[in-house]
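Right, one structure below, let's go through it.
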Amino acid sequence: MNAAPQTTVDDSEIAKFEAMAAEWWDTEGKFKPLHMLNPTRLDYITSQIAAEFGRDLKDDAPFAGLRILDIGCGGGLLAEPMARLGADVVGADAAERNIPVARVHAEQSGLEIDYRHTTAEAMAAAGEQFDVVLNMEVVEHVADPLAYLTACQQLLRPGGLMVCSTINRNPKSYLMAIIGAEHVMRWLPKGTHEWSKFITPDELFDLIGQAGLEPVDRKGFVFNPVLWTWAISDRDLSVNYVTASVKR
């Protein structure tokens, strides 16, 4: 009899997102920062997938034939655009209450997405394989980042791509992501993030390498408080940033 797969899920972190589940698609609610960031995240993700797999984003269904996993899918803010681009999408989340929200919204949008209440570790143990793993704003919420990233590596087919974003750990990120977002703007409930669990870009590259993937790119997501917009930066990784890595 096989032992149950180990999990890196942090129950206290899951509870935070369970409490916010119904608000995923409210653009003025607790996930407003994510809705604002989402177009910039999608620009990066789609360009990385297109480059890695030789797809033309001007085609009707450029990601047809690709199997994509959105781990920590929440309400489906990334899974739905991937499905619209033609991919076969699985959305997985350890917070059970997110799944019915995501399923109902996909149904209303006329999209077929395989949403599951499960973990990266359980899927890896079951032998699931994907061309792309989207791992966005999850690694700072898990109990063991290396074990979690190793599970993500196991979920990738050889030649597969992982896109992973998180928050840097420095005084500026504390000011912006904790004081600014949670206390001043009140975009997020207090305690959503723990600054000590943030990961620097060098630390994340090292963890990705230890997990058996090859980091190939990193960029910053930069918020402009004057224009109230997000943009991708080659140089400024001081708060939010994203990485791409491949399984050779």
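The values are calculated or read from the model by the stated rules, or taken from the named source; none is laboratory data. Please read these numbers as outputs of a predicted model, since none were measured by experiment. Here the Cβ positions follow ideal geometry from the backbone for every residue, glycine too, while neighbour counts run over all protein chains shown. Heads up: the accessible areas ignore ligands, DNA and RNA and are worked out on the full protein's heavy atoms, side chains in. Shrake-Rupley method; radii C 1.70, N 1.55, O 1.52, S 1.80 Å.
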Carbon and sulfur atoms account, in whole percent of the 1.4 Å probe accessible area of the chain, for 53
Protection proxy (average C-beta count within 10 Å per residue), highest first, orders 159-165, 43-49 as 159-165, 43-49
Computed for region 73-157: size of charge dipole around the Cα centre, +1 on C-beta of each Lys and Arg, -1 on C-beta of each Asp and Glu, debye to nearest 20, value 80
Treating only Lys and Arg (+1) and Asp and Glu (-1) as charged, each at its beta carbon, one finds that the chain has a dipole about its Cα centre, in Debye to the nearest 20, of 420
Under the rule rounded for a/c under 1.5, else prolate if a/b exceeds b/c, else oblate, using alpha carbon gyration tensor axes a ≥ b ≥ c, the chain is classed as rounded
Rounded to the nearest Å, the spacing of the alpha-carbon centers of region 212-248 and region 1-73 is 15
Per the 1/(1 + (r/R0)^6) rule, R0 = 30 Å and r from the Cβ atoms of A147 and M36, FRET efficiency to 0.05 is 0.45
Count of lysine pairs, the chain, Cα-Cα under 25 Å, sep. 8 or more residues or interchain, comes to 18
The extension gain from Q6 to S196, computed as 0.36 nm times the residue separation minus the Cα-Cα distance, is 66.1 nm
In whole angstrom, the spacing between the Cα centers of region 194-208 and region 74-113 equals 27
In Å², rounded to a whole number, the accessible area per residue of the chain with probe 1.4 Å is 45
Taking the dipole of the chain about the Cα centre (Lys, Arg +1; Asp, Glu -1; charges at Cβ), the one of A79, P171, L69 that reaches farthest to the positive side is P171
Between W228 and S109, Cβ-based FRET efficiency (R0 30 Å, step 0.05) works out to 0.70
